[in-house]
Amino acid sequence: MSRDWEAEGLLEGLGTDDERDARRQLLDHLADEGCSVEEMRTAIDEDRLALMPMERLILRERRYTMAEAAEKTGLSEDYLRRNWRALGLSEPEADEPTHTDQNIDGMKAVKTLFEAGATEREMLEVTRLVGESTAKIADMVMRVWARVLLKAGDTERDVALRMRDVAELTRPFAPPLLIGPLEAHIVEMLRHETIGRIERERGSVPGAREVAICFADMVDFTKLSERLDIDELGEVTQRFSDLTGELAQSPVRLVKTIGDEAMLASEDAAALVETTLGLIDAAEHDDLLPSLRAGAAAGQALRRAGDWYGRPVNLAARITAAADVGGLVADDALRAAAGDEYDWQEAGRQSFKGIEGQVELYRAERSA
């Protein structure tokens with residue numbers, strides 16, 4: 001039997017009979033699922049009633065409170081709460097279910113890492129990175145769903161149940177979509193580490209050849225991402241990718257772009273320098289893009305599956321982080337390989353993590 005939702009004050013502000021009928025149907029559905037009047041009233045006040053069926057679907061597998069999760073995982077409740085906050089989530093009540101069976105398995109793995117020597121500080125830093133990344137993914141998913149699922153003439157009930165149904169259909173695919181990219185990046189890191197170890201042990205990598213590598217990234221991208229919404233940020237990263245692709249012409253190749261960073265490679269060092277300086281200059285004159293900085297190095301590297309591995313790759317990435325805004329900084333090997341077409345200003349000597357000895361650095365400028 002339908003409740004008198006109007007008497008409960010849950011139909012206020014609705015202008016037409018159709019809107020009130022749709023609201024009644026949605027409230028009946030939520031009540032049948034066990035949602036309380038106070039929960040519905042709060043959702044209406046926060047303008048998220050249409051999201052409640054999807055929210056309840058996602059949260060229904062949360063079975064364990066913090067205290068129960070601590071008992072099941074062997075981790076302290078204090079750590080679990082700090083881990084929760086590191087994800088960027090609001091502090092739960094003591095009796096609020098927060099963990100699913102899958103979460104419990106994940107936290108048991110964390111306990112194993114602690115026993116193997118990982119520190120709480122290290123694991124909380126991993127959690128913070130996961131929280132930041134997944135928050136952005138969630139924001140973008142909701143924007144895409146809203147654009148695709150909202151149709152002219154939809155009632156509140158139509159939107160709510162359609163989003164719930166789509167969430168139910170797509171949820172099984174979410175873990176593989178996230179795990180796949182994570183595993184792919186881990187493989188990339190393992191390849192870099194393996195090749196770096198071979199270099200250290202043998203002094204060279206079998207099958208390697210001489211190449212110049214450059215990384216260019218957008219300055220203060222983190223601050224920019226905090227200021228822009230996800231659509232605006234996507235426009236910036238797409239523009240950066242497009243511009244880099246336009247300028248990276250043979251013999252220079254755009255290897256990949258990762259968010260705010262692009263990797264370029266060429267067996268012609270002078271061409272790489274020219275392309276990079278052109279990219280930096282183009283960004284300075286682009287109203288959408290922030291300034292760039294770039295680091296480059298030359299040496300023996302191995303090409304595998306379209307990517308490059310070896311010392312010049314690692315060194316170029318390290319130099320980029322130390323480069324001046326709007327500048328290209330390179331090691332001595334790249335300066336020598338690029339020849340006398342450019343003016344090279346000494347930029348000092350510096351030590352870099354994972355790179356033996358100090359590196360002579362030079363800033364590249366076009367000859368007058």
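Values for this structure:
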item	result
Helix-only CD estimate at 222 nm, as mean residue ellipticity for the chain, using -39500 (n - 2.57) per DSSP H run (n ≥ 4)	-17500 deg cm²/dmol
Calculated log₁₀ intensity ratio I(q)/I(0) where the Debye formula runs over C-alpha points of the stretch 209-366, q = 0.16, 0.17 Å⁻¹	-0.83, -0.93
Fluctuation leader among Thr42, Thr65, Thr73 - the chain, Gaussian network, Cα springs under 10 angstrom	Thr42
Partners for Lys136 among lysines (Cα-Cα distance below 28 Å; same-chain residues under 8 apart left out)	Lys108, Lys111, Lys151, Lys223, Lys256
Mean Cα-pair separation over length for the chain, i.e. relative contact order, pairs under 8 Å, 6 or more apart, %	12
Residue order, fewest to most beta carbons within 10 Å, for His99, His29	His29, His99
³J(HN,Hα), Karplus 6.51/-1.76/1.60, whole Hz, each residue of the stretch 28-40, x for Gly, Pro	4, 4, 5, 5, 4, 7, x, 7, 7, 4, 5, 4, 5
In the stretch 5-41, the GluC sites (Glu not before Pro) that fall in loop regions by DSSP, at most 14 other Cβ within 10 Å	Glu6, Glu8, Glu12, Glu33
Exposure proxy order (Cβ contacts within 10 Å, fewest to most) of Arg363, Arg23	Arg363, Arg23
Calculated from backbone phi, Karplus (6.51, -1.76, 1.60) coupling profile of the stretch 123-138 in Hz, x at Gly/Pro	5, 5, 5, 4, 4, 4, 5, 4, x, 4, 5, 5, 5, 5, 5, 4
Distance between the stretch 78-114 and the stretch 207-265 - C-alpha centres, whole angstrom	35
In Hz, Karplus ³J(HN,Hα) per residue of the stretch 261-274 (6.51, -1.76, 1.60; θ = phi - 60°; x = Gly, Pro)	10, 10, 10, 10, 9, 7, 7, 10, 4, 4, 5, 5, 4, 4
Student exercise, the chain dipole from Lys, Arg, Asp, Glu Cβ charges, in Debye to nearest 20	1500
Listed residues Ala296, Ala152, Ala323, most fluctuating in the chain (Gaussian network, C-alpha, under 10 Å)	Ala152
Cβ-based exposure ranking for Lys108, Lys353, in which fewest neighbours within 10 Å come first	Lys353, Lys108
Selected from Leu150, Leu279, Leu302 as most flexible by GNM, with the chain as the system and alpha-carbon contacts under 10 Å	Leu150
Cβ-based charge dipole, the chain, positive-most Cα from Ala282, Ala116, Gln249	Ala116
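Values quoted throughout were computed directly from the atomic coordinates according to the rules given, and no laboratory measurement underlies them. Small disclaimer: the values here were computed from a predicted structure and weren't measured. Neighbour counts run over all protein chains shown; Cβ positions are idealised from the backbone, glycine included.
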